[in-house]
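Structure first, then comments.
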Amino acid sequence: METMIKIDNVTKRTKDGTVLIRDINLQVEKGSIVGLVGRNGSGKTVLLKMVCGLMKISEGTIEIDGIEYNSKSNKIPKSIGAIIETPGFLENMSGIKNLEYLAEVRGKIGRREIIGIMDDVGLSYMSKKPVRNYSLGMRQRLAIAQALMENPNVLILDEPFNGLDNDGVRAMRNLLLSYRRRGTTILLTSHNEEDIEKLCDKVYEMEAGHLKPSTK
């Protein structure tokens, strides 16, 4: 199988020398879903931020879809979608206006694709409601739409089901599984054991900055 994500001996230190994660090694095969579990503060989000290029690597290398980067290079893959922590949206604009604004940055998709992904996540593209009036669940659906809308090869999702009700969680799980069937590679975190059980091909546990196969 083709390796889509390769993390090789990656360490992250803060400016004062504090080690946040140490010597992380992980390979994620194309078209698979890999889950990261662990307590808050164990290093999961730090690792995902480095994979997305939002945080600089201190040591080691990360390769995604054939593009390698390290402490001296931040060549971020073009075909990557992500949810990291709380997504930032323009509060006074509607959901579709937010997605159209973000889509203009790369110019890869148009209104038709945006309408399609909003329908997929259960949001009305016709709604003029500003995002500031969205519920937490609606914001999360919009974040998922933003991550998926350009049909990326790789998805990096940090707690992607936060704020969703049970029906929403089931719908979004099925949506992610449909992307896996298309060959999308997904690396995600979740505190919900059912999410991990139903979605993931492999599971790893972060503990005090170290990564190991999960025994759960």
Single condition ASP119 does not satisfy, out of (1) closer than 27 Å to MET1 by Cα; (2) in the same structural domain as ALA143 (by TED's automatic domain parsing): (1)
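Residues ARG180, ARG132: which one is touching a helix residue (DSSP H, G or I) at 6+ places or on another chain (Cβ under 9 Å) and either of a type outside the set (Gly, Ala, Ser) or outside the structural domain of LYS44 (by TED's automatic domain parsing) (or both)? Full working, then the answer.
Details: ARG132 fails: touching a helix residue (DSSP H, G or I) at 6+ places or on another chain (Cβ under 9 Å).
When all the criteria are applied, what remains is ARG180.
Kindly check whether there is at least one residue in region 170-186 that is within 19 Å of LYS44 (Cα to Cα) and of a type in the set (Ser, Thr, Tyr).
Checking region 170-186: at least one residue is within 19 Å of LYS44 (Cα to Cα) and of a type in the set (Ser, Thr, Tyr).
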Here the residues within region 4-36 that are loosely packed, with under 14 Cβ neighbours inside 10 Å and either within 19 Å of the chain's Cα centre (by Cα) or of a type in the set (A, V, I, L, M, F, W, C) (or both) are ASN25
If I ask for residues that are crowded, with 20+ Cβ neighbours inside 10 Å and farther than 15 Å from GLU29 by Cβ, which ones from region 200-214 would you list? MET206, GLY209, LEU211
Selection from region 7-48 of residues in contact (Cβ under 8 Å) with a residue 60 or more places away in the chain, part of a strand (DSSP E or B) and within 19 Å of GLY183 (Cβ to Cβ) yields VAL28, GLU29, ILE33, VAL34, GLY35
Could we say that LYS108 is farther than 18 Å from ARG173 by Cβ and loosely packed, with under 12 Cβ neighbours inside 10 Å here? no
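Residue-by-condition table, conditions (1) among the polar types (S, T, N, Q); (2) under 18 Å from GLY81 (Cα atoms):
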{"position": "ILE114", "(1), (2)": "no, yes"}
{"position": "SER135", "(1), (2)": "yes, no"}
{"position": "ARG141", "(1), (2)": "no, yes"}
{"position": "ALA147", "(1), (2)": "no, yes"}
{"position": "ASN153", "(1), (2)": "yes, yes"}
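With the condition being under 20 Å from LEU176 (Cβ atoms) and β-branched (Val, Ile, Thr), I'd like the strands (runs of 3 or more DSSP E) fully within region 49-165 carrying at least 2 qualifying residues.
Values: elements: 59-64, 67-70, 80-83, 154-158.
Per the criteria, 80-83, 154-158.
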Checking the structure you have, find out if any residue of region 37-44 is within 29 Å of LEU136 (Cα to Cα), surrounded by fewer than 17 Cβ atoms within 10 Å (Cβ to Cβ) and among the β-branched types (Val, Ile, Thr). no
The listed residue being among the basic types (Lys, Arg) and either closer than 26 Å to LEU187 by Cα or touching a Lys or Arg at 6+ places or on another chain (Cβ under 9 Å) (or both), out of LYS129, LYS108: LYS108
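The values are calculated or read from the model by the stated rules, or taken from the named source; none is laboratory data. On a predicted model such as this, the values are computed, not experimentally measured, just so you know. Methodologically, a virtual Cβ is constructed for each residue, glycine included, from the backbone with ideal geometry; neighbour enumeration extends over all protein chains shown.
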